[in-house]
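Structure record follows, encoded as structure tokens.
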Amino acid sequence: MWTSIKEWQDLTKMWIDGKFTDINVVVIKQRAEYYTKIVNKCVKNMPQNPILEKLKKMVFDFKDTMPVVVALRNKDLHDYHWDEIKKIIGREFTITEDFTLKDLIDMDVVKYVTEIQEVATQATQEAVLK
């Protein structure tokens, strides 16, 4: 459990502080599922304790941001889709080399998950039609 907390903290720090354009959502989803299984095993086989609760909260809080990250890393998003996303969020931003996942989290994008996913889905459907 202690090792998992340390590993998860290191991974999330790397993802949050790393370049948004370098995020590999497949890898993040795989690692999140791996740590979810660890949490579930610990919950099932160990008495409740503050360390386990901390690990559980860390993993599940991060997993809540994943649908937005997946949507925003959609390769089919074009400038006009990004304009729509910016309008939804109510903030102007540019995805530059210095832009990070933390920047998005700080914008509280999670509360717009449904609307952002709709734009990403629309972008994917447009690409299929082309």
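What follows is calculated from the coordinates using simple rules that are stated; it is not laboratory data. In this text the structure is predicted, and so the values were computed from the model without any measurement. Reconstructed Cβ throughout: ideal geometry from the backbone, glycine too, with neighbour counts over all protein chains shown.
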| said: Any residue in the stretch 38-61 that is under 22 Å from LYS13 (Cβ atoms) and free of Cβ contacts under 8 Å to residues at least 40 places away in the same chain sitting within a Cβ distance under 6 Å of a residue that is among the β-branched types (Val, Ile, Thr) and surrounded by 13 or more Cβ atoms within 10 Å (Cβ to Cβ)? List the pairs, counting only those 6 or more apart or interchain. | reply: VAL39/VAL59; LYS56/VAL39
| Can you spot a residue in the stretch 113-130 that is assigned to a helix (DSSP H, G or I) and of a type in the set (Lys, Arg)? | no
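So, in the stretch 1-16, how many residues would count as being in contact (Cβ under 8 Å) with a residue 40 or more places away in the chain and more than 14 Å from VAL69 (Cα to Cα)?
6
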| task | Please state which of the following conditions ILE89 fails to meet, knowing it meets all the rest: (1) touching an Asp or Glu at 6+ places or on another chain (Cβ under 7 Å); (2) more than 30 Å from CYS42 (Cα to Cα). | result | (1)
| message | Residue pairs, Cβ under 8 Å, 6 or more apart or interchain, first in the stretch 83-95 and touching a residue at least 60 places away in the same chain (Cβ under 8 Å) and under 15 Å from ASP106 (Cα atoms), second charged (D, E, K, R) and assigned to a helix (DSSP H, G or I). List them. | response | none
